[in-house]
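To start, the structure itself, in structure tokens.
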Amino acid sequence: MGIPALRLLAVGHEIIDSWWNMSLRADFWRLYLNREAGAALRHPGGTTPLLPDSCWLVPAGCEARAVCARPVRHLYAHIELIGWSTAWVARSFP
């Protein structure tokens, strides 16, 4: 696979809280940056806290669920990688 082209689908920021509880399985990648602790990703391998002031990249097709225990300032971008199929990503980023 070569270097893919990027298409920015969405970008924004919001305060997330307990309502941020959803499946993250999608055909696009997600890039997150949270300013506080309290959010996490639940996946077949366990739970990964989204540590504050760190960037988190969630691959397309990922079997994960978003969870949040308290208000968190959340910045996000949804990105399509043109040239990388969802099936290839699922095999390469289990």
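Laboratory data are not the source of any read-out in this text; all were calculated from the coordinates shown. Worth saying up front: this structure is predicted, and the values here are computed from it rather than measured. So basically every Cβ, Gly included, is an ideal-geometry build from the backbone, and we count neighbours across all protein chains shown.
Near Tyr76, once Lys and Arg are set to +1 and Asp and Glu to -1 for all other residues with Cβ below 9 Å from its Cβ, the sum equals 0.
Here each label is just a point 7 Å from Cα along the line to Cβ, and for Leu6 and Thr47 those points are 3.1 nm apart. On alpha-carbon atoms, Rg over Rh for the stretch 8-47 using Kirkwood Rh? Here the Rg-to-Rh quotient is 0.94. Label-to-label distance for Arg35 and Ser23 is 3.2 nm, based on points extended 7 Å past Cα in the beta-carbon direction.
Scattering from the C-alpha atoms of the chain alone, worked out with Debye: what is log10 I(q)/I(0) at q = 0.12, 0.15, 0.21 1/Å? Each listed q corresponds, in turn, to -0.37, -0.57, -1.06. Positive-end ranking of Tyr76, Pro49, Pro4 along the dipole of the chain, with charges on Cβ about the Cα centre, is headed by Pro49.
With neighbour counts taken as other beta-carbon atoms within 10 Å, the residues Cys62, Cys55, Cys68 rank, fewest first, as Cys55, Cys68, Cys62.
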